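A.B. asks: One structure, as structure tokens, below. Some questions next.
The values are calculated or read from the model by the stated rules, or taken from the named source; none is laboratory data. All values reported here derive from a predicted model rather than from experimental measurement. Cβ atoms come from the backbone with ideal geometry, glycine included; neighbour counts cover every protein chain shown. Ligands, DNA and RNA are stripped out before the accessible areas are found, and what is left, the full protein with its side chains, is counted by its heavy atoms. Shrake-Rupley method; radii C 1.70, N 1.55, O 1.52, S 1.80 Å.
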Amino acid sequence: MSGPVNKVGSQAASTNKINNQRPEVYQVKPNDTIAKIAKNFGMSVDEFKEWSGLKSGTLKTGQKITLPTDVIPKGKGLLALAKKYGMTLDEFCNLNSIPKPYNNYKPDVNEKFYVKQVSTTKSSSGTTQKQDSVKTEQSSSTKTDTVDTKQKSDSSKVEKEITSTPTSNPTIANKKTWGSSFTPQEIAQQIKDAVDNNSGAVGKPVFDNYLNEINPKNVVEVIEAYKALKTGETLLDAITSEVGSKKDSRKAAVMHIYDAMAARKGTSPEIRKKFEKELNDQFNSMGMVNTKRLDTTLRRMNASPMEIAKDIRNVVDKQSSAVGKHDFDELLLLINSKNAAEVIKSYKKISPKESLLNAITSEVGSKKDVRKAAVMHIYDNLAKQHNIDNPKVRSEFKQELDKEFNKLIGMVNTENLDQVLDNIISGNIRSNVKVNTNITYENPKADPNTKVTFTGNNKTMTVAELYRGTISGAKTDISKKFKEFCRDNKIPYNEKNLDLSPIDNFPEPTVKGATITTIESKALPPLTKSNGKVIILNPGHGSYSSSSGFFDPGVYTFVKRKDGKYVPFFEYEKMKEYANDFSTKLRKQGYTVVIAGGHANTMRDQNTFTDLVSRLNNGHKNGTKYSTKDIAFISLHADSMPGKSGSSVCYDSNGIDNTTFAKFLVDSLNEEQMVNAKLSERVPGKNGLLVLNQTQNIPSVLLEVEFLNGSESHKLQSSDFRNRFEAKVLEGLNEYFDIK
């Protein structure tokens, strides 16, 4: 159903074939370098030298390098071997090229695996020996944890005091992903062990060392990991029930967890006040602290828009005069400028006969001013979410609200108010604040009589001849594909039912000298205060090959218009629309944006992105210099496979921080109900992507937004889906760059 696919990166990733022959000795080949070998193992040169025990930075052909390996202990699994060497399961499986889900991997008998770090085992004599798998000497001055165990009476607990900080070897992956040397599961287990084995643990190093590892990047996962231990208590329960610890220490520990969650979610300070008041009230009450309401607050802070909407519905159904009371007010404050539209639409889904505004205003037992303030809170956050800065619209909305509340009889009718919100969401109301969002490209259109020489065959023709040939050839090819489309979809074929006019909108080639070149926008400055970051946006396809002159529209299919005619629907057009729209959203968040693109082969041959990053480092056109750590690359594409649906975040794990960057984006995208995103690793030499090859020194991904001809291809035509998709990519970027 798709057109001719001359497309880099749109094919589905092939299943990795695991090579379980992991040689213990690597023999250096001609042209091998330490950097090249280290890259194959996902390490830096220094890490590889330390791991393999290499002393010299030079290699000789035929030289043998010993690589540390071990086998899984009898009767155990992958995790046991990872733990033996102080490795996380992710770190171990990445080193050994084992894909997720890890439990699907069945090791062979005596299969060898690469290992890192130091293993501690017992000798036959019962003494403890250290096996150094990386061939490095431990300094005699290295400190280890000391455990002071004091035996008390049978009715007393054994109290363990750990006097130093945790000694687990921190990994770059954990630091980047979780902001901690430990995984959330490890932190949860250590906290559980601390409270199980120590009286009054909160406030002691055995507990606090791990509490302090909880941060905005891992707090949600630590809470869930503790719950998964099936202890019958929550993390807050475990903290507050340590009655041997001082009250202030326990309260501070609870607030540490709250603050980490609030920082991650950007929660209103007003919720913190309510949370702290509830915590104090519980500690001042008789009996054990009841954390039910505190746990509910943390759950709600992490809730999806649909979950918030359901909670609001439950509260107004079960509580009389709910507006103004704790539960409702907390949920109202959780409606913010990031999720307002989604909460409004979610409420409509679960309650088709009652809007969110209707639910608020109909709580007649609540004070009028409280209900009106709640409605205006919804309006103001929705307006902010959609960048509506129009005092006239707000004034008219407020007048309509006051008019309804001032009626002498009857319930408040929110029909007109709901329509205003619907108009904002659909884009029918726009801001009266004008900003310049025009995109100016560096390369002007070439004179039609300019002669172009193709680097692949030395043929020459004018720009006008190339353009006419492209349009004519495309119409012929697409007409043939329409016949196939009709046949495959059992549609009666009639050539008059095909409108080929969109082909006339193909862009003209950009030429510099006598060669087709790529396109590049100026550095588009932020529309608000700069956050110091740059996003390079690459809309997929829609350009000419400097080698052959071939125009690449990307994949395409056919869509039926209301008049019954079919038109070709091109990937390049839709991705250009995404790039232009997304650039504005990015700039409103303080990002500088550069839009650059072209035919994949042209971009490769002309070092488009390598040169662009270098120019950004050195000041580009506007004189501002950007470090590589402040630049990220996103290529936008539409996938192609009849009947398929979903999004992909494609990355090359060999690039700088690409795996972490991709994970931030896919996690953010999957918070949106309309998006089903997956990670797709693209390996050079197997299923790699040319467009990512030039951006290995900056975080880079290729986003397959949706399947252009799949079961949910209508999403690509939906501005609602585009806005939601882009909003989640933006949230992922903000989280990755730690922008509040």
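A.B. asks: Output the number of residues of segment 87-106 satisfying the condition of being among the polar types (S, T, N, Q), within 16 Å of Trp178 (Cβ to Cβ) and open to solvent by 30 Å² or more (accessible area, probe 1.4 Å).
C.D. replies: We begin by selecting, within segment 87-106, every residue among the polar types (S, T, N, Q); these are 88, 94, 96-97, 103-104.
Adding the requirement that they be within 16 Å of Trp178 (Cβ to Cβ) leaves 88, 94.
Now drop any that are not open to solvent by 30 Å² or more (accessible area, probe 1.4 Å), which leaves 94.
Total meeting the criteria: 1.
A.B. asks: In segment 232-252, which residues are loosely packed, with under 15 Cβ neighbours inside 10 Å and in a helix (DSSP H, G or I)?
C.D. replies: The answer is Lys247, Asp248.
A.B. asks: Based on this model, can you work out whether Asp488 counts as closer than 25 Å to Phe569 by Cα, acidic (Asp, Glu) and either crowded, with 17+ Cβ neighbours inside 10 Å or modelled with pLDDT under 95 (or both)?
C.D. replies: Working: closer than 25 Å to Phe569 by Cα: yes; acidic (Asp, Glu): yes; either crowded, with 17+ Cβ neighbours inside 10 Å or modelled with pLDDT under 95 (or both): yes.
For Asp488, the condition - closer than 25 Å to Phe569 by Cα, acidic (Asp, Glu) and either crowded, with 17+ Cβ neighbours inside 10 Å or modelled with pLDDT under 95 (or both) - is met.
A.B. asks: Without any contact (Cβ under 8 Å) to a residue 24 or more places away in the chain and of a type in the set (Ser, Thr, Tyr): which single residue out of Ser530, Ser479 fits that description? Lay out the reasoning, then the answer.
C.D. replies: Details: Ser530 fails: without any contact (Cβ under 8 Å) to a residue 24 or more places away in the chain.
After applying the criteria, what remains is Ser479.
A.B. asks: Look through segment 253-295, keep the residues that are hydroxyl-bearing (Ser, Thr, Tyr) and surrounded by 15 or more Cβ atoms within 10 Å (Cβ to Cβ), and return whichever of them is farthest from Val195 (Cα to Cα).
C.D. replies: At the first step, the residues of segment 253-295 found to be hydroxyl-bearing (Ser, Thr, Tyr) are 258, 267-268, 285, 291.
Going one step further and asking which of them are surrounded by 15 or more Cβ atoms within 10 Å (Cβ to Cβ), we end up with 258, 267-268, 291.
Working: Tyr258: 20, Thr267: 29, Ser268: 31, Thr291: 17 Å.
Ranking the qualifying residues of segment 253-295, first place goes to Ser268.
A.B. asks: What are the residues in segment 544-561 that are under 28 Å from Thr462 (Cβ atoms) and open to solvent by 20 Å² or more (accessible area, probe 1.4 Å), if any?
C.D. replies: Kept after step one, since they are under 28 Å from Thr462 (Cβ atoms), are these residues of segment 544-561: 544-554, 556.
Across segment 544-561, the qualifying residues are Ser547, Ser548, Phe550.
A.B. asks: Take the residues of segment 628-649 that are among the charged types (D, E, K, R) and farther than 18 Å from Asn531 by Cβ: which is surrounded by the most Cβ atoms within 10 Å (Cβ to Cβ)?
C.D. replies: Within segment 628-649, the first condition is being among the charged types (D, E, K, R), and the residues that meet it are 629-630, 639, 644.
Now restrict to residues that are farther than 18 Å from Asn531 by Cβ: 639, 644.
On the way: Asp639: 29, Lys644: 15.
Out of the qualifying residues, it is Asp639.
A.B. asks: Moving on to the next point. Within segment 612-622, how many residues turn out to be open to solvent by 20 Å² or more (accessible area, probe 1.4 Å) and at pLDDT 85 or above? It would help to see each step written out before you state the result.
C.D. replies: Of segment 612-622, the ones open to solvent by 20 Å² or more (accessible area, probe 1.4 Å) are 614-615, 617-618, 620-622.
Next, from what is left, pick out any that are at pLDDT 85 or above: 614-615, 617.
So the answer is 3.
A.B. asks: Of all residues in segment 576-606, count the ones that are outside any helix (DSSP H, G or I), within 18 Å of His386 (Cα to Cα) and open to solvent by 10 Å² or more (accessible area, probe 1.4 Å). First the steps, then the outcome.
C.D. replies: First, the residues of segment 576-606 that are outside any helix (DSSP H, G or I): 589-599, 606.
With the extra rule that they be within 18 Å of His386 (Cα to Cα), the set shrinks to 589-591.
Now narrow it down to the ones that are open to solvent by 10 Å² or more (accessible area, probe 1.4 Å): 589.
Number satisfying all stated conditions: 1.
A.B. asks: Could you tell me which residue of segment 386-419 is surrounded by the most Cβ atoms within 10 Å (Cβ to Cβ), considering only residues that are assigned to a loop (DSSP other than H, G, I, E, B) and free of Cβ contacts under 8 Å to residues at least 12 places away in the same chain? Steps first, answer last, please.
C.D. replies: Going through segment 386-419, the residues assigned to a loop (DSSP other than H, G, I, E, B) turn out to be 386-390, 406-414.
Filter once more, keeping what is free of Cβ contacts under 8 Å to residues at least 12 places away in the same chain: 406-410, 413.
On the way: Asn406: 9, Lys407: 10, Leu408: 4, Ile409: 4, Gly410: 7, Asn413: 14.
Filtering first and then ranking leaves Asn413.
A.B. asks: Additional query: Tally up the residues in segment 557-580 that are in contact with a Ser or Thr (Cβ under 8 Å, 6 or more places away or on another chain) and aliphatic (A, V, I, L, M), please.
C.D. replies: Selection size over segment 557-580: 1.
A.B. asks: Being open to solvent by 10 Å² or more (accessible area, probe 1.4 Å), farther than 26 Å from Lys277 by Cβ and part of a loop (DSSP other than H, G, I, E, B) is the filter here, so list the residues in segment 198-231 that pass it.
C.D. replies: Answer for segment 198-231, where residues must be open to solvent by 10 Å² or more (accessible area, probe 1.4 Å), farther than 26 Å from Lys277 by Cβ and part of a loop (DSSP other than H, G, I, E, B): Ser199, Lys204, Glu213, Lys217, Leu229, Lys230, Thr231.
A.B. asks: Do the conditions hold for Gly564, that is, is it modelled with pLDDT of 90 or more, touching a helix residue (DSSP H, G or I) at 6+ places or on another chain (Cβ under 6 Å), open to solvent by 20 Å² or more (accessible area, probe 1.4 Å) and more than 30 Å from Glu465 (Cβ to Cβ)?
C.D. replies: Numbers: modelled with pLDDT of 90 or more: yes; touching a helix residue (DSSP H, G or I) at 6+ places or on another chain (Cβ under 6 Å): no; open to solvent by 20 Å² or more (accessible area, probe 1.4 Å): yes; more than 30 Å from Glu465 (Cβ to Cβ): yes.
No: the conditions fail for Gly564.
A.B. asks: Next question, about the same structure. I need the full set of residues from segment 521-543 which are within 16 Å of Leu730 (Cβ to Cβ) and among the hydroxyl-bearing types (Ser, Thr, Tyr), in order please.
C.D. replies: Scanning segment 521-543 gives Thr528, Ser530.
Rundown of residues vs (1) farther than 27 Å from Glu91 by Cα; (2) of a type outside the set (Ser, Thr, Tyr); (3) at pLDDT below 85, yes/no style:
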{"site": "Pro166", "(1), (2), (3)": "no, yes, yes"}
{"site": "Pro170", "(1), (2), (3)": "no, yes, yes"}
{"site": "Asn174", "(1), (2), (3)": "no, yes, yes"}
{"site": "Pro184", "(1), (2), (3)": "no, yes, no"}
{"site": "Ala188", "(1), (2), (3)": "no, yes, no"}
{"site": "Lys192", "(1), (2), (3)": "no, yes, no"}
{"site": "Asn197", "(1), (2), (3)": "yes, yes, no"}
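A.B. asks: Here is a further query. Among residues belonging to segment 681-727 that are assigned to a loop (DSSP other than H, G, I, E, B) and touching a Gly at 6+ places or on another chain (Cβ under 7 Å), point out the one that is most open to solvent (accessible area, probe 1.4 Å). Full working, then the answer.
C.D. replies: So in segment 681-727, the residues assigned to a loop (DSSP other than H, G, I, E, B) come out as 682-689, 694-699, 708-712, 718.
Filter once more, so that each one left must be touching a Gly at 6+ places or on another chain (Cβ under 7 Å): 682, 689, 695-696, 710-711.
Values: Arg682: 11, Leu689: 6, Thr695: 0, Gln696: 41, Gly710: 13, Ser711: 71 Å².
Looking at residues that are assigned to a loop (DSSP other than H, G, I, E, B) and touching a Gly at 6+ places or on another chain (Cβ under 7 Å), I get Ser711.
A.B. asks: Taking the condition touching a residue at least 40 places away in the same chain (Cβ under 8 Å), basic (Lys, Arg) and either in contact with a helix residue (DSSP H, G or I) (Cβ under 9 Å, 6 or more places away or on another chain) or surrounded by fewer than 19 Cβ atoms within 10 Å (Cβ to Cβ) (or both), does Lys625 pass? Give the steps one after another, and end with the answer.
C.D. replies: Numbers: touching a residue at least 40 places away in the same chain (Cβ under 8 Å): no; basic (Lys, Arg): yes; either in contact with a helix residue (DSSP H, G or I) (Cβ under 9 Å, 6 or more places away or on another chain) or surrounded by fewer than 19 Cβ atoms within 10 Å (Cβ to Cβ) (or both): yes.
Spelling it out, it is not the case that Lys625 is touching a residue at least 40 places away in the same chain (Cβ under 8 Å), basic (Lys, Arg) and either in contact with a helix residue (DSSP H, G or I) (Cβ under 9 Å, 6 or more places away or on another chain) or surrounded by fewer than 19 Cβ atoms within 10 Å (Cβ to Cβ) (or both).
A.B. asks: On to the next question. If you go through segment 186-229, how many residues are within 21 Å of the chain's Cα centre (by Cα) and in contact (Cβ under 8 Å) with a residue 40 or more places away in the chain? Give the derivation first.
C.D. replies: Going through segment 186-229, the residues within 21 Å of the chain's Cα centre (by Cα) turn out to be 214-225.
Within this subset, residues satisfying the condition of being in contact (Cβ under 8 Å) with a residue 40 or more places away in the chain are 214-221, 223-225.
Number of matching residues: 11.
A.B. asks: Could you count how many residues in segment 620-674 are more than 15 Å from the chain's Cα centre (by Cα) and β-branched (Val, Ile, Thr)?
C.D. replies: Of the residues in that region, 4 qualify.
A.B. asks: Take Gly542 and decide whether it is among the small types (Gly, Ala, Ser), touching a helix residue (DSSP H, G or I) at 6+ places or on another chain (Cβ under 9 Å) and at pLDDT below 95. Give the derivation first.
C.D. replies: Values: among the small types (Gly, Ala, Ser): yes; touching a helix residue (DSSP H, G or I) at 6+ places or on another chain (Cβ under 9 Å): yes; at pLDDT below 95: yes.
Answer is yes for this residue.
A.B. asks: Scan segment 68-87 and report the pairs whose first residue is free of Cβ contacts under 8 Å to residues at least 60 places away in the same chain and aromatic (Phe, Trp, Tyr) and whose second residue is open to solvent by less than 60 Å² (accessible area, probe 1.4 Å) and not in a loop (DSSP other than H, G, I, E, B), with Cβ atoms within less than 7 Å and a gap of 6+ or a chain change.
C.D. replies: From segment 68-87, the pairs are Tyr85/Ser119.
A.B. asks: Which of the numbered conditions does Gln21 fail, given that it passes all the others? Conditions: (1) out of contact with any helix residue (DSSP H, G or I) (no Cβ under 9 Å at 6 or more places or on another chain); (2) modelled with pLDDT of 80 or more.
C.D. replies: Status for Gln21: all satisfied but (2).
Yes or no, residue by residue, for (1) over 20 Å from Ile519 (Cβ atoms); (2) touching a residue at least 12 places away in the same chain (Cβ under 8 Å); (3) over 40 Å from the mean Cα position of the chain (by Cα):
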residue: Ala446; (1), (2), (3): no, yes, no
residue: Thr453; (1), (2), (3): no, yes, yes
residue: Asn458; (1), (2), (3): yes, no, yes
residue: Glu465; (1), (2), (3): yes, no, yes
residue: Arg468; (1), (2), (3): yes, no, yes
residue: Lys475; (1), (2), (3): yes, yes, no
residue: Asp488; (1), (2), (3): yes, yes, no
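A.B. asks: Looking for something open to solvent by less than 70 Å² (accessible area, probe 1.4 Å), out of contact with any helix residue (DSSP H, G or I) (no Cβ under 7 Å at 6 or more places or on another chain), in contact (Cβ under 8 Å) with a residue 24 or more places away in the chain and part of a helix (DSSP H, G or I) - is there at least one such residue anywhere in segment 55-62? Give the steps one after another, and end with the answer.
C.D. replies: From segment 55-62, those open to solvent by less than 70 Å² (accessible area, probe 1.4 Å) are 56-57, 59, 62; that's our starting set.
Adding the requirement that they be out of contact with any helix residue (DSSP H, G or I) (no Cβ under 7 Å at 6 or more places or on another chain) leaves 56, 62.
Within this subset, residues satisfying the condition of being in contact (Cβ under 8 Å) with a residue 24 or more places away in the chain are 62.
So of that shortlist, the ones also part of a helix (DSSP H, G or I) come out as none.
No - not one qualifying residue is present in segment 55-62.
A.B. asks: Name the residues in segment 332-353 that are open to solvent by 50 Å² or more (accessible area, probe 1.4 Å) and either in contact (Cβ under 8 Å) with a residue 24 or more places away in the chain or touching a Phe, Trp or Tyr at 6+ places or on another chain (Cβ under 8 Å) (or both), would you?
C.D. replies: Within segment 332-353, the subset open to solvent by 50 Å² or more (accessible area, probe 1.4 Å) is 338, 348-350, 352-353.
Result: Lys338, Lys349, Ile350.
A.B. asks: Mind checking whether some residue in segment 527-539 is open to solvent by 30 Å² or more (accessible area, probe 1.4 Å), in a strand (DSSP E or B) and at negative phi?
C.D. replies: no
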